[in-house]
Amino acid sequence: MSLRTPIKIARGLGSAKDGVHHWWVQRVTAVALVPLVVWFVFAVASLSGADYASVRAWVGQPFTTVMLVLLIAVAFHHAQLGLQVVIEDYVSAKGPQIAALILVKFLAVLMAVIGIVAVLRIAFGG
Amino acid sequence: MQTQNRPLSPHLQVYKPQLTSIMSISHRASGVALSLGILLLVYWLAAAAAGPDAFARAQGIVGSFLGQVILFLFSYALFYHLCNGIRHLFWDAGKGFELKTAYASGYAVLAVSAALTLLVWIIAFATGGA
């Protein structure tokens with residue numbers, strides 16, 4: 001039995017039933033992406049023209065491995081949060097909306113895992 | 001109940017496009033584009049993990065004229081979304097809502113994102129030639 005009053009349970013949750021959680025996580029991931037993206041773009045630009053061996057050597061450096069895994073995880077989380085809002089705004093029919101949301105969320109996790117596994121295979125695969 | 005012919009609100013087409021409104025929808029559009037663009041990064045990393053042949057194929061695609069155009073647009077969308085996202089974070093903190101400030105920050109985002117895009121491509125051409 002919950003000893004919380006109904007107002008305590010309802011307060012701040014609004015019509016979406018999860019309050020500002022979605023909004024807040026979108027902001028937290030945005031802040032995390034600022035340094036990750038700036039690092040990534042300039043690192044890749046400096047890698048321009050590099051061959052297979054040097055690209056793999058770069059991915060395998062501990063700092064790069066950590067940054068790439070973080071970038072992929074956070075970027076896909078941020079992306080699917082954003083795409084969720086776009087779908088909720090423009091796909092009003094309930095069935096297609098739920099189908100699109102599930103598809104986007106599954107694809108985001110799938111692609112993120114493929115990316116992270118690729119990085120780890122290069123880093124630890126030898 | 002007949003609801004088909006009711007007027008829709010807001011009537012987007014009667015509004016004159018403004019810097020603020022165009023930049024607002026561009027933030028969303030660039031976000032959607034970046035969601036697709038990051039798949040290119042996943043493909044490139046997966047190719048590097050798969051082996052030299054797959055990696056050569058990926059480099060061929062990325063290095064082609066079309067690949068370079070897509071990469072350029074991707075980099076601009078990324079810097080635009082990054083800079084405008086920081087502008088949004090200031091708004092989230094309740095700062096910069098005055099009309100003059102909103103326009104000034106808008107022009108600043110356009111200038112800084114263009115400058116960063118140019119800078120990154122100058123670095124890319126200086127290091128690798130493509």
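The values are calculated or read from the model by the stated rules, or taken from the named source; none is laboratory data. These numbers come from a predicted model, not from an experiment. As a convention, Cβ positions derive from the backbone with ideal geometry for all residues, glycine included, and neighbour counts pool all protein chains shown.
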ask   = Looking at B:Ile122, B:Ile86, which one is within 18 Å of A:Val41 (Cα to Cα), modelled with pLDDT of 95 or more, in a helix (DSSP H, G or I) and over 16 Å from the mean Cα position of the chain (by Cα)?
value = B:Ile122
task = Return yes when B:Phe72 is surrounded by 13 or more Cβ atoms within 10 Å (Cβ to Cβ) and hydrophobic (A, V, I, L, M, F, W, C) and no when it is not.
result = yes
inquiry  = Please go through (1) within 11 Å of chain B (Cβ to nearest Cβ); (2) at pLDDT 95 or above for A:Ile98 and return the number of the only condition it doesn't satisfy.
reply    = (1)
message = With the requirement that a residue be more than 7 Å from every other protein chain (Cβ to nearest Cβ) and either crowded, with 19+ Cβ neighbours inside 10 Å or in contact with a Ser or Thr (Cβ under 9 Å, 6 or more places away or on another chain) (or both), what does the stretch B:45-57 give you?
response = B:Ala47
task = Considering each residue of the stretch B:63-78, count those that are at the interface with chain A (Cβ under 10 Å from one of its Cβ atoms) and without any contact (Cβ under 8 Å) to a residue 40 or more places away in the chain, and give that number.
result = 1
ask   = Does at least one position in the stretch A:72-95 carry a residue that is over 19 Å from B:Ser35 (Cβ atoms), within 11 Å of chain B (Cβ to nearest Cβ) and either touching a residue at least 40 places away in the same chain (Cβ under 8 Å) or of a type in the set (Phe, Trp, Tyr) (or both)?
value = no
Residue tally, condition within 8 Å of chain B (Cβ to nearest Cβ), more than 13 Å from B:Leu78 (Cβ to Cβ) and part of a helix (DSSP H, G or I), over the stretch A:31-63 = 6
inquiry  = Given the criteria exposed (fewer than 15 other Cβ atoms within 10 Å of the Cβ) and not in a helix (DSSP H, G or I), does B:Lys100 qualify?
reply    = no
